[in-house]
1. Got at least one residue in the stretch 81-90 being in a loop (DSSP other than H, G, I, E, B) and either surrounded by 14 or more Cβ atoms within 10 Å (Cβ to Cβ) or at pLDDT below 95 (or both)?
2. For residues that are aliphatic (A, V, I, L, M), in a helix (DSSP H, G or I) and open to solvent by less than 30 Å² (accessible area, probe 1.4 Å), tally how many sit in the stretch 25-47.
3. Going through the stretch 238-257 one residue at a time, which ones are closer than 12 Å to LEU43 by Cα and either crowded, with 16+ Cβ neighbours inside 10 Å or of a type outside the set (Asp, Glu) (or both)?
4. Looking at this structure, is ALA240 small (Gly, Ala, Ser) and not in a helix (DSSP H, G or I)?
5. Filter the stretch 143-198 for residues that are farther than 29 Å from GLU214 by Cα, touching an Asp or Glu at 6+ places or on another chain (Cβ under 8 Å) and at pLDDT 95 or above and give the result.
6. Would you kindly identify the helices (runs of 4 or more DSSP H) lying entirely within the stretch 115-200 that contain at least 1 residues that are surrounded by 20 or more Cβ atoms within 10 Å (Cβ to Cβ) and among the β-branched types (Val, Ile, Thr)?
7. Would you pick out the residues in the stretch 48-69 that are closer than 30 Å to ARG203 by Cα, open to solvent by less than 40 Å² (accessible area, probe 1.4 Å) and not aliphatic (A, V, I, L, M)?
Amino acid sequence: MSEYEPVTGAINLPNPRPDKPLTGWRVLVPRGGPWGDSVAASLRMRGASPIIAPMINFAATDDAPALEAALGRLAAGAFDWVTVTSATTVDVLSSHRAVIPPTTKVAAVGESTAAALIAAGYRADLVPSEDNSAKGLLDEWSAATEGAFPLRVLALRSAIAKQVLSIGLAAIGHHVEAVVAYRTVGVPVAQSVIDDVRAGNVRALLVTSGSVAEQVHQQFGPIPEHTLVAAIGPQTMHDAEDLGLRVDVVASERSAESLIEAVVKAATQQV
């Protein structure tokens with residue numbers, strides 16, 4: 001059954017119950033799959049009506065031989081570290097049955113990525129304690145690796161990702177091999193969703209990456225002033241604003257739960 005039913009007429013928001021602060025809120029969730037289902041369930045618990053409308057998907061890298069060669073060297077122990085910057089990268093590792101030997105340590109960009117690694121049977125030896133981002137990982141790198149130098153690092157990334165980590169590590173003097181693991185592609189949403197967003201019938205939009213911000217900007221155009229735009233972190237906020245997309249609230253941590261709590265806080269303040 002579809003998660004989405006178009007809205008007609010004006011929105012009447014009832015007074016929310018304390019345990020259901022998002023009662024009457026229709027919230028667009030821009031990713032599907034297990035992540036989207038989990039976020040939708042959390043939103044329903046808070047009284048919201050989620051609209052799961054995937055706006056991005058992931059495709060194989062354009063240079064499969066380079067990825068396969070790098071994963072072969074990884075299995076052979078050619079790297080001291082491998083950096084993993086998204087759960088999608090974990091999916092790529094799993095689909096290729098990649099082997100990470102005990103001699104190679106694994107750095108995850110955040111808790112969500114670390115959880116995906118563990119669920120897939122890998123491990124996470126380093127996760128930033130403060131800023132769950134590539135910059136956060138870079139900031140903590142030297143302390144976490146006890147100044148070991150130079151290290152051989154395999155940096156797996158999206159085709160469109162800014163190479164903050166790989167460039168930063170190379171600038172320090174480490175030997176970094178940056179390899180594209182996957183491509184991010186836009187997914188057109190249903191016209192009925194577009195119409196409702198433009199009409200202001202969607203109360204909040206979750207923006208979970210720069211790629212999602214780009215699709216929101218391209219597919220929806222100017223967002224109505226009373227529609228809350230929530231970004232999952234400072235980097236996503238900056239990417240969105242660079243595109244001309246307004247951001248109203250930013251999650252305090254780079255996690256789905258923190259993003260939802262940012263929306264709840266904004267909703268509570270509006271009552």
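1. yes
2. Residues that pass the stated criteria total 3.
3. Listed by number, the list holds a single entry, ALA256.
4. Criteria not met by ALA240.
5. LEU151, ARG152, VAL153
6. The helices (runs of 4 or more DSSP H) meeting that bar are 191-199.
7. PRO50
To keep it simple, each residue is scored yes or no on (1) more than 18 Å from ALA181 (Cα to Cα); (2) within 17 Å of the chain's Cα centre (by Cα).
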| site | (1), (2) |
| --- | --- |
| GLY47 | yes, no |
| MET55 | yes, yes |
| THR61 | no, no |
| ARG73 | no, no |
| ASP80 | yes, no |
| SER86 | no, yes |
| LEU93 | no, no |
| THR113 | no, yes |
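The values are calculated or read from the model by the stated rules, or taken from the named source; none is laboratory data. Treat the numbers as computed from the prediction; the structure is a model and nothing was measured. Virtual Cβ from ideal backbone geometry, glycine too; neighbours counted across all protein chains shown. With ligands, DNA and RNA removed, areas are computed over all heavy atoms of the protein, side chains included. Shrake-Rupley method; radii C 1.70, N 1.55, O 1.52, S 1.80 Å.
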